[in-house]
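Below: the structure, in structure tokens.
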Amino acid sequence: METVKTEEGQLEKVLAVCRALDAEIRYSQQGRYFTAMVWNDWGLPCREQAALAIQREIQSRVGQFSGVVCYCFDAFSTLVYEV
């Protein structure tokens, strides 16, 4: 995958990709971050695997942008922010 080198709009590009995933997105434009959460039946082991798959996809997409970082709290919650 090619790394996007321009700084402008990186977070919004990642946000657009993440919105297409089966996750709840909470965006803070002022704070320049968003959270992606997978809530449906989160206590079930089979749902944890689905949540992890979404999280891995987010990590993969974030890796394409030099000015964006993600932090995974657990299998169900991911923070994506601009550096």
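The table below lists the values:
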quantity	calculated
Selection within region 45-83 - in a strand (DSSP E or B) and closer than 12 Å to Ala23 by Cβ	Ser77, Thr78, Val80
Subset of region 64-83 [open to solvent by 20 Å² or more (accessible area, probe 1.4 Å) and not hydrophobic (A, V, I, L, M, F, W, C)]	Gln64, Ser66, Tyr71, Asp74, Ser77, Tyr81, Glu82
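The values are calculated or read from the model by the stated rules, or taken from the named source; none is laboratory data. What you see is a predicted model; the values in this text were computed from it and never measured. For neighbour counting, all protein chains shown are included, and Cβ atoms are generated from backbone atoms with ideal geometry for every residue, glycine included. Only protein heavy atoms, including side chains, enter the accessible area calculation; ligands, DNA and RNA are left aside. Shrake-Rupley method; radii C 1.70, N 1.55, O 1.52, S 1.80 Å.
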